[in-house]
Amino acid sequence: MPPEPRSREELVTFLGDLHKEFRAHGHKWENNTLDDFLEALAAWVHDSPSAYGNAGEQIPPDGDWTFMARALHAATIYE
């Protein structure tokens with residue numbers, strides 16, 4: 001189970017750790033290309049209510065979807 005960041009700083013740490021994991025072991029990931037990763041990301045977000053339900057949880061009602069969309073889009077151009 002991935003960590004549950006409670007702040008922007010914890011999310012930054014999580015993303016940094018995820019990047020390190022990819023650099024070290026990305027060749028073992030199921031979705032190890034950007035194309036496959038983004039396709040899987042879209043599919044998981046679409047199916048997330050079921051994924052949460054299968055775990056006996058509810059999708060967080062106050063998730064900041066705009067922030068995540070802006071962050072993902074910004075990563076396409078940010079240096």
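Brief remarks on what is shown
- Scanning the stretch 51-63 for residues that are part of a helix (DSSP H, G or I) and surrounded by 11 or more Cβ atoms within 10 Å (Cβ to Cβ) gives Ala51, Tyr52, Gly53.
- Residues of the stretch 1-49 that are open to solvent by 70 Å² or more (accessible area, probe 1.4 Å) and among the polar types (S, T, N, Q): Thr13 alone.
- For His19, the conditions (1) in a loop (DSSP other than H, G, I, E, B); (2) within 18 Å of Thr76 (Cβ to Cβ) are fulfilled apart from (1).
- Within the stretch 7-16, the set of residues being over 13 Å from Met68 (Cβ atoms) and outside any loop (DSSP other than H, G, I, E, B) comprises Glu9, Glu10, Val12, Thr13, Gly16.
- Scanning the stretch 24-39 for residues that are assigned to a helix (DSSP H, G or I) and over 17 Å from Ala75 (Cα atoms) yields Ala24, His25, Gly26, His27, Lys28.
The values are calculated or read from the model by the stated rules, or taken from the named source; none is laboratory data. Values in this document were obtained by computation on a predicted structure and should not be read as measured data. We place every Cβ from the backbone using ideal geometry, glycine too, and count neighbours over all the protein chains shown. Please note that ligands, DNA and RNA were not included when accessible areas were found on the heavy atoms of the full protein model with its side chains. Shrake-Rupley method; radii C 1.70, N 1.55, O 1.52, S 1.80 Å.
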